[in-house]
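Please treat every number below as a calculation from the coordinates, not as lab data. Keep in mind that this is a model prediction, so the values were computed, not measured. All Cβ positions, even for glycine, are placed from backbone atoms using ideal geometry, and neighbour counts span all protein chains on display.
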Amino acid sequence: MRIVPYRAADDTVDGALITFVDVTSMVQAERHHRLLVDELNHRVRNMLTVVISLATQTLRGARSLDDFSSAFLGRLHALAGTYAVLTRDNWQPVPLRDVLQEELRPHFTAEPTNLVLDGPLALLEPRAALAVGMTVHELVTNAHKYGALASPNGRVTVRWRLEGTAEHTTLVWSWQERGGPPVVPPTRHGFGSTLIERTVSHELNGLVAFDYRPEGLTVTLSFPFAAQGPTSTARPSVAPA
Amino acid sequence: VTEPDLAGRRIMVVEDEMLIAMMLELALADAGCHVVGPFGRLSDAVVAARTEAVDGALLDINLAGESVFPAAEALEQRGVPFLLVSGYGRDLLPPDRRHWQVCAKPFRMNDVLETLADLVRRQPAPH
């Protein structure tokens with residue numbers, strides 16, 4: 001509100017002029033800004049805590065400084081990779097295939113002949129995308145160290161499908177390795193497999209099965225899949241089947 | 001540095017970020033605690049807060065957009081001490097709940113364990 005004297009032609013004050021300015025939108029904008037800053041602070045602090053968690057737990061399983069360094073940085077880059085996909089798409093649900101490609105890219109050639117990615121369009125909300133990204137990273141790292149990708153003829157096939165009804169859809173996702181050295185089931189339960197199990201149960205609310213066949217490891221994930229199509233304004237035309 | 005005395009205690013963990021939950025679990029297990037949880041969803045946390053026999057709790061304030069306060073209230077009613085963990089400041093506490101202890105993220109694990117041990121020592125939970 002603003003009050004100014006109203007002056008007549010002879011400069012005598014003849015009244016007052018009161019102006020009301022609606023500041024609702026300014027106040028709202030300020031409040032919105034405050035909320036965004038708070039949320040950003042929260043996310044940064046949370047992310048730092050996640051990084052500390054990764055460091056602490058990777059350190060526990062590490063046999064040497066080199067071992068720690070590659071495992072820790074690999075996990076950080078995996079996290080960063082999925083974040084890159086998510087920020088590119090403005091934190092909207094992202095295609096599962098994009099997450100897989102991002103996480104697998106550093107481990108294969110540009111046009112890989114030893115990698116098959118096969119499945120329908122399936123959009124993952126950010127939490128699920130981060131969980132899948134982390135899982136794939138652990139699997140591909142393991143495949144390099146001990147599995148199919150440790151041998152020149154090794155190959156990986158990743159398939160996924162959507163099952164169930166429109167209301168209750170399950171995403172079934174499998175990682176199959178072939179052509180590697182004969183598989184021996186691991187004797188110790190490392191942080192990598194714990195990470196996968198916990199990610200699937202805690203973050204995806206799903207199930208995971210490890211099948212250590214001599215001809216190659218197969219890992220199958222299934223988790224409730226929330227259809228992300230029609231409500232997503234950024235991608236109006238991509239409702240998953 | 002004194003070791004926080006939490007050996008043999010049953011500690012409930014509520015944290016929706018899986019990696020952070022895992023770190024808390026490991027640290028509590030190292031301190032000799034029995035971990036109840038971790039719970040990542042408010043509904044599970046509230047049920048556990050009402051029914052589980054625990055000596056103390058670590059509660060992340062924000063659970064996938066939901067506030068953990070209903071679980072905190074349930075614990076307070078039962079006289080179970082708890083420590084809130086949050087990426088937000090103390091401002092988030094309801095005005096009449098300013099006495100609740102908050103540990104800011106990112107936290108030093110030893111601070112969390114010491115504060116929790118203090119709370120548990122001062123207010124032993126009835127089993």
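Listed by position, the strands (runs of 3 or more DSSP E) contained in region B:54-127 that have at least 1 residues being in contact with a Lys or Arg (Cβ under 7 Å, 6 or more places away or on another chain), aliphatic (A, V, I, L, M) and in contact (Cβ under 8 Å) with a residue 24 or more places away in the chain are B:82-86, B:102-104. Every listed requirement among (1) within 25 Å of A:Met134 (Cα to Cα); (2) in contact with a His (Cβ under 9 Å, 6 or more places away or on another chain); (3) among the basic types (Lys, Arg) is met by B:Arg41 save one, (2).
Taken over region A:21-54, the criterion of being touching a Lys or Arg at 6+ places or on another chain (Cβ under 8 Å) and of a type outside the set (S, T, N, Q) is satisfied by A:Val21, A:Arg45, A:Leu48, A:Leu54.
The single condition among (1) of a type outside the set (Phe, Trp, Tyr); (2) part of a loop (DSSP other than H, G, I, E, B); (3) more than 14 Å from chain A (Cβ to nearest Cβ) that B:Val47 does not satisfy is (2).
For region A:53-82, a residue qualifies if it is of a type in the set (A, V, I, L, M, F, W, C) and either within 13 Å of chain B (Cβ to nearest Cβ) or over 19 Å from the mean Cα position of the chain (by Cα) (or both), and the qualifying residues are A:Leu54, A:Ala55, A:Leu59, A:Ala62, A:Leu65, A:Phe68, A:Phe72, A:Leu76, A:Ala78, A:Leu79. Looking across B:Leu59, B:Leu63, one residue alone is of a type in the set (A, V, I, L, M, F, W, C) and more than 14 Å from chain A (Cβ to nearest Cβ). It is B:Leu59. Regarding region A:182-192, can at least one residue be identified that is under 14 Å from A:His137 (Cα atoms) and surrounded by 13 or more Cβ atoms within 10 Å (Cβ to Cβ)? Yes, because at least one residue in region A:182-192 is under 14 Å from A:His137 (Cα atoms) and surrounded by 13 or more Cβ atoms within 10 Å (Cβ to Cβ). Would you please name the residue that is farthest from the chain's Cα centre (by Cα), looking only at residues in region B:99-120 that are of a type in the set (D, E, K, R) and exposed (fewer than 15 other Cβ atoms within 10 Å of the Cβ)? Top of the filtered list is B:Arg108.
When region A:23-39 is examined, which residues are found to be over 23 Å from A:Met1 (Cβ atoms) and more than 10 Å from chain B (Cβ to nearest Cβ)? Within region A:23-39, A:His32, A:His33, A:Arg34, A:Leu35, A:Leu36, A:Val37 meet the criteria. Restricting the first member to region A:195-213 and to residues that are within 11 Å of chain B (Cβ to nearest Cβ), and the second to residues that are charged (D, E, K, R) and assigned to a strand (DSSP E or B), no beta-carbon pair is closer than 6 Å while six or more apart or on different chains. Condition (residue is surrounded by fewer than 16 Cβ atoms within 10 Å (Cβ to Cβ) and among the acidic types (Asp, Glu)) applied to region A:137-146: is it met by at least one residue? Looking for residues that are surrounded by fewer than 16 Cβ atoms within 10 Å (Cβ to Cβ) and among the acidic types (Asp, Glu), one finds none in region A:137-146, hence no.
Just checking, how many residues over region A:155-208 are touching a helix residue (DSSP H, G or I) at 6+ places or on another chain (Cβ under 8 Å) and not aliphatic (A, V, I, L, M)? Counting residues in region A:155-208 that are touching a helix residue (DSSP H, G or I) at 6+ places or on another chain (Cβ under 8 Å) and not aliphatic (A, V, I, L, M) gives 20. Among the residues of region B:9-43, those identified as part of a helix (DSSP H, G or I), in contact (Cβ under 8 Å) with a residue 24 or more places away in the chain and out of contact with any Asp or Glu (no Cβ under 8 Å at 6 or more places or on another chain) are B:Met23, B:Ala27, B:Leu28.
When you scan region A:109-120, do you find a residue that is among the acidic types (Asp, Glu) and surrounded by fewer than 16 Cβ atoms within 10 Å (Cβ to Cβ), even just one? Among the residues of region A:109-120, at least one is among the acidic types (Asp, Glu) and surrounded by fewer than 16 Cβ atoms within 10 Å (Cβ to Cβ), which makes the answer yes.
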